[in-house]
Amino acid sequence: MKVFVCIKQVPDTETKIKLKADASGIDPAGVKWVMNPYDEFAVEEAIKMKEGGKATNVTVVSLGPKTRVVESLRTALAMGADDAIVIDGPEDLDPSATAKALAGAIKAEGGEFKLVLTGKLAIDDNASSVSQMVAEFLGVPHTTVVSKLEVTDGSAVAERETEGGSREIVQLQGPAVVAANKGLNMPRYASLPGIMKAKKKPIKELTLDATGASAADVRVKFKNYQMPPEKPAVKMIAGDSAEQARTLAQLLREEAKVI
């Protein structure tokens, strides 16, 4: 069984973000980029499937400026993936165009795939829609926020989280797309031998046009980005407990306007 894993490179949560002068997006200069954390769960699950004899090959796929996103692909290869595909494209594609390109790359590989794994969302835009759209472009079943996955010949049983803390069991007939949630597994760190081996593993390069997608497929234009407002300084309330309670109630009513 061949397994594909779609990953995205995102800014590290600890990096300092600056906006472009025209507020059209994030200025990439000086940003530390990492593999999307939810995609790490997808990569780990695919590798575990191969180690358990349920997959024969694990291919990771990513879209973006190839000189940059190759780093995250190498991380996945060092974890244990077999090969990779990089789609050289712009950063500002919307989820629909991104999904079309990813699906096109998977189709272009030929042969029968049984499973496509992704993260449930990317932590930069929180769109949480690419995996569903990939499934639509591939014409296969899909489920998301999966915290447990059992794969057998031709089918998969997924346990997924729903609102209110409940859990739902979904059975999918392969091929299918499954989006991983936190708790599915514990992603491994890349070992030194793995890092050395990753340097020799193949990374296939595709242009955006080769996947059947283009900038004309973009339906949503992102603009007018704004940084969140600075948090106000902490205000200390003096006096005894009764006075503090009165002052707090007054501030909540007149300044915070929450009561």
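The values are calculated or read from the model by the stated rules, or taken from the named source; none is laboratory data. Worth saying up front: this structure is predicted, and the values here are computed from it rather than measured. Reconstructed Cβ throughout: ideal geometry from the backbone, glycine too, with neighbour counts over all protein chains shown.
General remarks:
- Residues within the stretch 162-192 that are within 18 Å of Lys48 (Cβ to Cβ) and either among the charged types (D, E, K, R) or outside any strand (DSSP E or B) (or both), tallied: 12
Let's see how each residue does on (1) touching a helix residue (DSSP H, G or I) at 6+ places or on another chain (Cβ under 8 Å); (2) of a type in the set (Ser, Thr, Tyr); (3) at pLDDT 90 or above; (4) outside any helix (DSSP H, G or I):
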{"position": "Val3", "(1), (2), (3), (4)": "yes, no, yes, yes"}
{"position": "Glu14", "(1), (2), (3), (4)": "no, no, no, yes"}
{"position": "Ser24", "(1), (2), (3), (4)": "no, yes, no, yes"}
{"position": "Ala29", "(1), (2), (3), (4)": "no, no, no, yes"}
{"position": "Tyr38", "(1), (2), (3), (4)": "no, yes, yes, no"}
{"position": "Met49", "(1), (2), (3), (4)": "no, no, yes, no"}
{"position": "Val58", "(1), (2), (3), (4)": "yes, no, yes, yes"}
{"position": "Ser96", "(1), (2), (3), (4)": "yes, yes, yes, no"}
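- Test result for Ser62, touching a Leu at 6+ places or on another chain (Cβ under 7 Å) and among the polar types (S, T, N, Q): yes
- Residue within the stretch 212-224 that is touching a helix residue (DSSP H, G or I) at 6+ places or on another chain (Cβ under 7 Å), in a strand (DSSP E or B), of a type outside the set (A, V, I, L, M) and modelled with pLDDT of 85 or more present: no
- Test for Gly194: is it at pLDDT 85 or above, small (Gly, Ala, Ser) and on the phi > 0 side of the Ramachandran plot: no
- Here the stretch 77-94 is the region considered, the condition is being in contact with an Asp or Glu (Cβ under 8 Å, 6 or more places away or on another chain) and assigned to a helix (DSSP H, G or I), and the residue that is surrounded by the fewest Cβ atoms within 10 Å (Cβ to Cβ) is Met79.
- Among residues of the stretch 47-58 that are closer than 12 Å to Leu149 by Cβ and assigned by TED's automatic domain parsing to the domain that holds Cys6, those with a beta-carbon under 9 Å from a residue that is surrounded by fewer than 20 Cβ atoms within 10 Å (Cβ to Cβ) and of a type in the set (S, T, N, Q) at least six positions away or on a different chain give the pairs Lys48/Asn185; Lys54/Thr152.
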